[in-house]
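Undergrad: Structure provided below as structure tokens; questions to follow.
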Amino acid sequence: ARDITERLAKERQKQRELDLMNLLFEQTLTGMVVMMLDEPLDWDAVEDKDGMIGRIMETQHVVRTNAAFLNQYRAQSGEMIGTRAVDFFKHDPGAGKALWRSLLDEKRISAETEGVRYDGTPLWIRGDYTCLYDSKGRFVGHFGMQLDITDRKMGEVALEKSERMYRLITEHAFDVIWVFDVTRRTFTYVSPSVTRLLGYAPEEVVRNSFLSILHPDDARMVHETLRGMVKEFIRLPKREDAWTIEVRHVAKDGSIVWSDATVNFRYTDEGSIEAIGVSRDITAKKADEEKIVHLSYHDQLTGLFNRRYYEEHQH
């Protein structure tokens, strides 16, 4: 007879640790996968490493996954066992090869990858991957932990498309679109069409004081009007109607340009107030109005004031 109490205690301790690891593996929300090669590989001894990557992707296969990993790919239990590495990069095999090369060279990587679920829908993964080695230091497979970031990536893609669309609109619009920081009293954005309106490049307008493009006689009026708009916005921040203002500008060549600006306000993430405006050239319209006013008060033959002018100015 032999006393095996200590050995049994150690075995029970190992079994408890194994059960705990299995519990963690199966119940964590992080997708986990173990992939193994058919035969060990001495990566450092490989001469044609790029050529070997294709063989690794063809032969390395899934030996174990947890429920979270299956959910990420919308696969059934056991459906992914035996799946090869190449099957995970159907969308972009080139990106898959580059990822595996980095993993084998660096032994551990973190990466965002794009793939395809079993139902054909796109899948974006953020994962940490670690190489596994045998007792002789040969590569035998890898262990991965990954999170499904598809919703975030799709949101980023949609936002990028939206930004490109609005950038295209603003850069090709005939009217001038601008953003003005009320607190700092500087433009933070001016669309390229300002060159057509005033002759200035957008960066010139952003760099200089906004007063530099206003007619001196209108500067005070614009300042007071803007201040009134801001007060009204603070009082009624959800007002839907935009403000409008007609103002004269001094173009780069010294000419006078009239514009009709439509203005809205909003709070920035920092809590300051900025104005978003669209300015349209109404110089020709103003010239026609002045011509009509002149004709209404002057005799067409002599150019002198007519009876209507004197009657309106008697009082």
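The values are calculated or read from the model by the stated rules, or taken from the named source; none is laboratory data. Bear in mind the structure is a predicted one, so any value in this text is a computation, not a measurement. Cβ sites come from the backbone with ideal geometry, for glycine too, and all protein chains shown count toward neighbours. Only protein heavy atoms, including side chains, enter the accessible area calculation; ligands, DNA and RNA are left aside. Shrake-Rupley method; radii C 1.70, N 1.55, O 1.52, S 1.80 Å.
Residue-by-condition table, conditions (1) at pLDDT 90 or above; (2) touching a strand residue (DSSP E or B) at 6+ places or on another chain (Cβ under 6 Å); (3) buried (at least 16 other Cβ atoms within 10 Å of the Cβ):
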site	(1), (2), (3)
R248	yes, yes, yes
I256	yes, yes, no
T262	yes, yes, no
F265	yes, yes, yes
V278	yes, yes, yes
A287	no, no, no
H294	no, no, no
Y309	no, no, no
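Undergrad: Let me ask something else. So, in the range 127-159, exactly how many residues are of a type outside the set (G, A, S), in a helix (DSSP H, G or I) and open to solvent by 40 Å² or more (accessible area, probe 1.4 Å)?
TA: At the first step, the residues of the range 127-159 found to be of a type outside the set (G, A, S) are 128-134, 136, 138-140, 142-143, 145-154, 156-157, 159.
Next, only the ones that are in a helix (DSSP H, G or I) stay: 150-154, 156-157, 159.
Now narrow it down to the ones that are open to solvent by 40 Å² or more (accessible area, probe 1.4 Å): 151-152, 154, 156-157, 159.
Qualifying residue count for the region: 6.
Undergrad: Report every pair of residues separated by at least 6 positions or lying on different chains whose Cβ atoms are under 7 Å apart, first residue within the range 259-276 and closer than 17 Å to I177 by Cβ and among the β-branched types (V, I, T), second open to solvent by 50 Å² or more (accessible area, probe 1.4 Å) and in a strand (DSSP E or B).
TA: Pairs found: T262/T244; T262/V278; I276/N264; I276/R266.
Yes or no, residue by residue, for (1) of a type in the set (D, E); (2) assigned to a loop (DSSP other than H, G, I, E, B); (3) open to solvent by less than 90 Å² (accessible area, probe 1.4 Å):
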| residue | (1), (2), (3) |
| --- | --- |
| K161 | no, no, no |
| F174 | no, yes, no |
| V179 | no, no, yes |
| R184 | no, yes, no |
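Undergrad: Out of T195, T170, report the one residue that is assigned to a helix (DSSP H, G or I) and open to solvent by less than 40 Å² (accessible area, probe 1.4 Å).
TA: Exactly one residue qualifies, and that residue is T170.
Undergrad: What are the pairs with Cβ atoms under 8 angstrom where one residue, in the range 220-248, is among the basic types (K, R) and the other, located anywhere, is part of a loop (DSSP other than H, G, I, E, B) and modelled with pLDDT of 90 or more? Sequence gap at least six, or different chains.
TA: R248/H215
Undergrad: Across the range 205-245, what is the total count of residues that are surrounded by 12 or more Cβ atoms within 10 Å (Cβ to Cβ) and touching a Lys or Arg at 6+ places or on another chain (Cβ under 8 Å)?
TA: Looking only at that region, the number is 6.
Undergrad: Just to be sure I understand the filter: pairs with C-beta atoms under 8 Å, separated by 6 or more residues or on different chains, first member in the range 139-150 and free of Cβ contacts under 8 Å to residues at least 60 places away in the same chain, second member surrounded by fewer than 17 Cβ atoms within 10 Å (Cβ to Cβ) and not aliphatic (A, V, I, L, M). Which pairs pass?
TA: Partner pairs satisfying both residue conditions: I149/E112; I149/R126; T150/P122.
Undergrad: Given the residues A75, A68, which is the only one that is within 36 Å of the chain's Cα centre (by Cα), surrounded by 18 or more Cβ atoms within 10 Å (Cβ to Cβ), more than 29 Å from K136 (Cα to Cα) and modelled with pLDDT of 90 or more?
TA: On the way: A75 fails: surrounded by 18 or more Cβ atoms within 10 Å (Cβ to Cβ).
That would be A68, the only listed residue that is within 36 Å of the chain's Cα centre (by Cα), surrounded by 18 or more Cβ atoms within 10 Å (Cβ to Cβ), more than 29 Å from K136 (Cα to Cα) and modelled with pLDDT of 90 or more.
Undergrad: Okay, moving on. Checking D87 against (1) in contact (Cβ under 8 Å) with a residue 60 or more places away in the chain; (2) open to solvent by less than 60 Å² (accessible area, probe 1.4 Å), which test does it fail?
TA: (1)
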